[in-house]
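FYI, it's all coordinate maths here, none of it is from the lab. In this text the structure is predicted, and so the values were computed from the model without any measurement. Cβ placement follows ideal geometry from the backbone for every residue including glycine, while neighbour counts extend to all protein chains displayed.
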Amino acid sequence: MAMSKTRRGAAALGCLTGLALVLAACGGDDDDGGTAEPEEGGEGEVAEGCEAYEKYGDLTGTNVTVFTSIVAPEDQPHIDSWEQYQECTGGTVTYEGTGEFEAQLLVRIQAGTPPDIAYLPQPGLLRTIVQDTGAVVPVGELAEEHVDQYYSEDWKNFGVVDGTFYASPVGANVKSFVWYSPSMFEEAGYEIPETWDDLIAISDDIVANGGKPWCAGIESGAATGWPATDWMEDVMLREAGPEVYDQWTNHEIPFNSPEVASTLERVGSILKNDDYVNGGLGDVRSIASTAFQDGGLPILQGNCWMHRQASFYQANWPDGTNVAEDGDVFAFYLPPIDPASGKPLLIAGEFAAAFDERPEVQAFQAFLASPEWSNAKAPVSGPGWLSANTELDISLLESPIDQLSAELLQDPETVARFDASDIMPGEVGSGTFWREMTEWIASDKPDDQVLDAIEDSWPE
């Protein structure tokens, strides 16, 4: 049932637009993302350092609430990246992150008290919320202008539901990484694997020498299971190729098709292999109870050798860990299976959806889609953050993993696909897919029963 909500409509948007035009006439049109401390200007003047923020208007006395799944330690860089926006516009932004994001957001929507803006990590969840509740407000005019100018059409399309643009891009990440210890590899004489067969050969050699090649953790509160679905997606893209991957994502082939069954079997050859896992943490079942943040930490103690996880995982290494090619840990690109599939790359991101049309909400959504935000975020982001904004200054990314991620995203040979579970309908992608993959590990649920259950849950 559609939720009722207050819409301020064109009048409010007109006030914002008019104010932006008046301010634009009073100052320059510098659109860089500098972070110089603003200085007070005289009457009718724009404070120094605030020129790029004129278009958002005077928001003094207003507040925007932002609700996300991004928790400590990854939350603070987001908060810090809004500092100049708040100083220049006079508005404030209140941040709240939780590991129970999906469930809590739906509860708030149903109660009629949604946040002003939510960072949605699943386009499929966006589609479900739009179609089932009608609570999401279409992207404002200025935010859409920014997206059209600074993002590819594909990134915009991830936020479109039934022809309407509902959510603008915020962050991006690369998921096709394997974390490892460079010193352990060097001492053992291992080269970075360039093929899947090379990867398995290294794994078998580690087992032969008495070690555990892999460690993993998929516990994530209400989102438990998503790291296991990432394994499926990365392998599906490599084994079946991008065209079949798209068919699977869009349910043009059933979830229990032979192609998907083959992928699950291959993933199981690692994650459900008692010889391979779970180094330093326990047996196969321990994967289900190990927090994803802790999944790769045994590498630092030499208890495991490899951990498949996204670029953002770097934020979870303990303070003092040197993340570098010659450091304590680094990551290599998860190698392809079928050379005919090109250079597959699994990607994901967050999208800002608004639940109110107040001018300050539309202004903040526009800011998040701007170069000034991407380039304000990059210097304070620490490890694990990227933007697909074409005006992002990559030199501002200090992390070598982020730089490697950017190189992969820009490689013309890369065949990138968005995280499938994030695109699938919410009841599947963040529902049965997560749950059934957890049962597959925790209870050793048979492959065919897992795939049949997910297929049966797909909405008509």
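Some points to look at:
- Full extension of the chain between residue 79 and residue 394 yields a length gain of 111.3 nm, computed as 0.36 nm times the residue separation minus the alpha carbon distance.
- Axis angle, to the nearest 10 degrees, between helix 433-442 and the longest C-alpha principal axis of the chain: 30 degrees.
- Only lysines eight or more places from residue 343 in sequence, or on another chain, were considered; those with a Cα closer than 29 Å are 156, 175, 212, 272, 377.
- The mean sequence distance of close C-alpha pairs (under 8 Å, at least 6 residues apart), as a share of the length of region 62-205, puts its relative contact order at 19 percent.
- Percent of alpha-carbon pairs separated by more than 17 Å within region 246-392: 75
- Within the chain, helix-based [θ] at 222 nm, where runs of 4 or more DSSP H residues each add -39,500 (n - 2.57), nearest 500: -11500 deg cm²/dmol
- Modelled label reach - residue 303, point 7 Å along Cα→Cβ, region 160-180 residues with backbone N closer than 18 Å: 179-180
- Acute angle (nearest 10 degrees) that the helix 101-111 long axis makes with the longest principal axis of the chain, alpha-carbon atoms: 40
- In a simple Cβ point-charge model (Lys, Arg +1; Asp, Glu -1; nothing else charged), the chain has a dipole of about 1320 debye relative to its Cα centre.
- Where both bridge residues fall in the chain, DSSP classifies roughly 55% of the beta bridges as antiparallel.
- Lys/Arg +1, Asp/Glu -1 at C-beta; the chain dipole; positive extreme among 346, 207, 224: 224
- Modelled FRET efficiency - R0 56 Å, residue 259 with residue 45, Cβ distances, 0.05 increments: 0.35
- Convex hull volume per residue in cubic angstrom - Cα atoms of region 306-454: 178
- Angle in degrees between helix 9-24 and the longest Cα principal axis of the chain, rounded to the nearest 10: 80
- Binned Cα-Cα distance frequencies in region 88-231 - 10 Å width, integer %: 8, 27, 26, 18, 15, 6, 0
- Principal semi-axes in Å for region 193-307 [√(5λ), Cα gyration tensor, largest first]: 26, 18, 11
- The largest-to-smallest principal axis extents of the Cα set in the chain are 75, 50, 37 Å.
- In percent, rounded to a whole number, the relative contact order of the chain is 25, using alpha-carbon pairs under 8 Å and six or more apart.
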